[in-house]
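Structure record follows, encoded as C-alpha cells.
Each value in this text was obtained by applying a stated rule to the coordinates, not by laboratory testing. This structure is a prediction, so every number in the text was calculated from the model and none was measured.
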Amino acid sequence: KVLDASTLSFGTRVRWFAICFVAGVVCSILGTALLWLPKGIKLFAVFYTLGNIAALASTCFLMGPLKQLKAMFEPKRLIATVVMLVNILSLL
C-alpha cells in the first residue's frame, strides 16, 4: 500500500501526528506574532501557510493520505477544500 499510513505502527502514527500538529500550531502562532513587525505580513503569510500544511500533514498520519484526500474532496467539503488549497498555493 503505497502512501498509506496503515503501514506505520499506531505509536508511530500518533507520534508524527503530535509532532506535525504542534509544529502547525507553533508556526501559526509565530506567524500571527510576526504580523506586527515591519513587513510582517510576508512572514505571517509564510508561517501561517506552513502551519496549515503541517496541520493537514498531521491528520494524514492518523487517517492515511488517500483517506484524507477522499474525505477532503467529498461533495459537502469540496468548496471549502478548493478555497483552502487555492489560498495556500497563492501564498507560496
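Only helices enter this figure: runs of n ≥ 4 DSSP H residues, each worth -39500 (n - 2.57), summed and divided by the residues of the chain, yield -26000 deg cm²/dmol at 222 nm to the nearest 500. For the pair Ile19 and Leu85, the difference between a 0.36 nm per residue extended length and the Cα-Cα distance amounts to 21.5 nm.
If you sort the three axes of the alpha carbon gyration tensor as a ≥ b ≥ c, you get a/c of 1.5 or more for the chain and a/b no higher than b/c, which makes it oblate.
If I fit a long axis through the Cα atoms of helix 40-63 and take the longest principal axis of the Cα atoms of the chain, what angle between them do I get, 0 to 90°, rounded to 10? It works out to around 10 degrees. Normalising the average separation of contacting C-alpha pairs (under 8 angstrom, six or more residues apart) by the number of residues puts the relative contact order of the chain at 33 percent. Would you give the gap between the C-alpha center of segment 10-44 and the C-alpha center of segment 60-92, rounded to a whole Å? That distance is 18 Å.
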